[in-house]
Amino acid sequence: MNAFASDLWIGVRTGPARAGLAFSSLALGLFAVTILLSTLDALQRQAQGLVQSFGASSFALVRSAAAQEETAWNRRQVDFLRENLDGAAWVSGVKSLPPSVSPDFAVVATDAHLALVRGWRFVDGRALDGLDVRQGSRHAMASDTLCRARRWRTGDIILLGHEPFRLVGRFESPGAAVPAVPENAVFIPYSSDVLETGGEAALRRVDALLFRAGEGLPPEAVRRRVAALLTQPGLGAAGIEWITPESLLQGIRRWQRAIAWTAGSGGALGLLLGAVTLAGMLLTGVRERIAEIGLRRALGARRREVAGLFVAEALALTGAAAITGLLAAEGTLRWLGVRFPLPFHFGAGARLLPLALAGGLALACSIGPAWMAARLPPAEALRNE
């Protein structure tokens, strides 16, 4: 083992400048590759979680501020859409109440269909139902996260403004925010309009429409049907923003492209420079160590043993560079993660792929020099003494 390490050290010592440049370039390239893999993995996990929590078959409609002032949806129009979709989708309308109702969390008025549209699973209690809406029951439901933060339990009386409401249900936190349906919200029936002022128009206003395609129905077909219904007089398709899983993923996709270009370009340049330098170092080492190689052959060393010496030298250098790059990347991302919202996840891929890439580069760069060294005849030792 000591003799093998000594042989590797002799190889590196024949060209320390080239070895240092190859090591630095490979470490920098693998540092960038590790950052690329860990951040892309984290962003992909975010995308999957977002689609799962929002619902792959769900979408929402909101109006721009200007369109909302000009004309707003109302509860009758929500009923019209629900009836004309004829079971093709669950439909719900929501209305955000003013911050004055509760400065600490949002309060949203909704119908009995919201829990179905969002696909919420209730941890305790039940969802608001049609009887709550028809009778104007002072009932409410909230996410389990908000209830834990507020230490609310099902059956507790909570104050919204100065009005008491009974908490009848706690649902699992959705994880993905939907326009007009924030995660940290308390939901009450539409008919609990005692909390709102502004006349009949304000009481019947709907800020957002939420849809969830029925089982087995493609969301695109449901969207086309909704778009056709919105052309009816009074519904108005102008100034509408469609919120879909694809639109929610746009921000993540931009992050992915930016990181792929920056880290990918830096990693590719570093690895290319490191590979060229490593290959040059090994070729130079073969020429400068001809006497040593010939002597080894004359003393009985087999060709594969001579070739293995150069392959091992390349593997040792790239392996050390890979470990250095991995440790530096993980330390940098953890340090930055405390200060910036930079996502990262060090899974098996982010840790093993750089090592595999380093091994592949070592083999690719050492095949030629190793073959040349193995083909040298023992007589070269005598000619180079």
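The values are calculated or read from the model by the stated rules, or taken from the named source; none is laboratory data. Just so it is clear, the structure is predicted and the values come from calculations on it, not from any experiment. A quick note on method: Cβ atoms are made from the backbone with ideal geometry, for glycine too, and the neighbour counts reach across all protein chains shown. When the accessible area is computed, the model is the full protein with side chains, heavy atoms only, and any ligands, DNA or RNA have been set aside. Shrake-Rupley method; radii C 1.70, N 1.55, O 1.52, S 1.80 Å.
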Within segment 349-379, tally of residues that are over 10 Å from Leu37 (Cα atoms) and either touching a Lys or Arg at 6+ places or on another chain (Cβ under 6 Å) or of a type in the set (Gly, Ala, Ser) (or both):
13
Matching residues in segment 210-240 (open to solvent by 20 Å² or more (accessible area, probe 1.4 Å) and in a strand (DSSP E or B)) number 2
Over segment 156-173, the set of residues without any contact (Cβ under 8 Å) to a residue 24 or more places away in the chain and part of a loop (DSSP other than H, G, I, E, B) is Asp156, His162
Can you tell me which residues in segment 241-265 are open to solvent by less than 90 Å² (accessible area, probe 1.4 Å) and of a type in the set (D, E, K, R)?
Arg253
Which condition from (1) open to solvent by less than 50 Å² (accessible area, probe 1.4 Å); (2) at pLDDT 85 or above is the one that Val276 breaks?
(1)
Going by what's in this entry, would Glu292 be described as assigned to a helix (DSSP H, G or I), buried (at least 19 other Cβ atoms within 10 Å of the Cβ) and over 38 Å from the mean Cα position of the chain (by Cα)?
yes
Hey, Ala356 within 29 Å of Arg45 (Cα to Cα), modelled with pLDDT of 85 or more and either in contact with a Leu (Cβ under 7 Å, 6 or more places away or on another chain) or in a helix (DSSP H, G or I) (or both) or not
yes
How many residues are open to solvent by less than 10 Å² (accessible area, probe 1.4 Å) and at pLDDT 75 or above when one looks only at segment 164-180?
4
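Listed here are the residues, each with its yes/no results for (1) touching a Ser or Thr at 6+ places or on another chain (Cβ under 7 Å); (2) within 25 Å of Leu159 (Cβ to Cβ); (3) open to solvent by less than 30 Å² (accessible area, probe 1.4 Å).
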| site | (1), (2), (3) |
| --- | --- |
| Ser38 | no, no, yes |
| Leu43 | no, no, yes |
| Ala72 | no, no, no |
| Arg76 | no, no, no |
| Pro98 | no, yes, no |
| Ala109 | yes, yes, yes |
Condition met for Arg287 (modelled with pLDDT under 85, within 29 Å of Ala373 (Cβ to Cβ), in contact with a helix residue (DSSP H, G or I) (Cβ under 7 Å, 6 or more places away or on another chain) and open to solvent by 30 Å² or more (accessible area, probe 1.4 Å)):
no
Provide a single number: the residues in segment 129-146 that are touching a strand residue (DSSP E or B) at 6+ places or on another chain (Cβ under 7 Å) and at pLDDT below 90.
3
Given the criteria open to solvent by less than 60 Å² (accessible area, probe 1.4 Å) and in contact with a helix residue (DSSP H, G or I) (Cβ under 9 Å, 6 or more places away or on another chain), does Val117 qualify?
no
With the requirement that a residue be within 20 Å of Phe23 (Cβ to Cβ) and in contact with a Pro (Cβ under 6 Å, 6 or more places away or on another chain), what does segment 282-316 give you?
Leu282, Leu283, Val286, Phe310
Yes or no: segment 136-154 includes at least one residue that is closer than 21 Å to Val178 by Cβ, within 35 Å of the chain's Cα centre (by Cα) and in a loop (DSSP other than H, G, I, E, B).
no
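Applying the selection to segment 119-135, what residues are closer than 17 Å to Val94 by Cα and not in a helix (DSSP H, G or I)?
Let us first name the residues in segment 119-135 that are closer than 17 Å to Val94 by Cα, namely 119-120, 127-130, 132-134.
Those that are closer than 17 Å to Val94 by Cα and not in a helix (DSSP H, G or I): Gly119, Trp120, Ala127, Leu128, Asp129.
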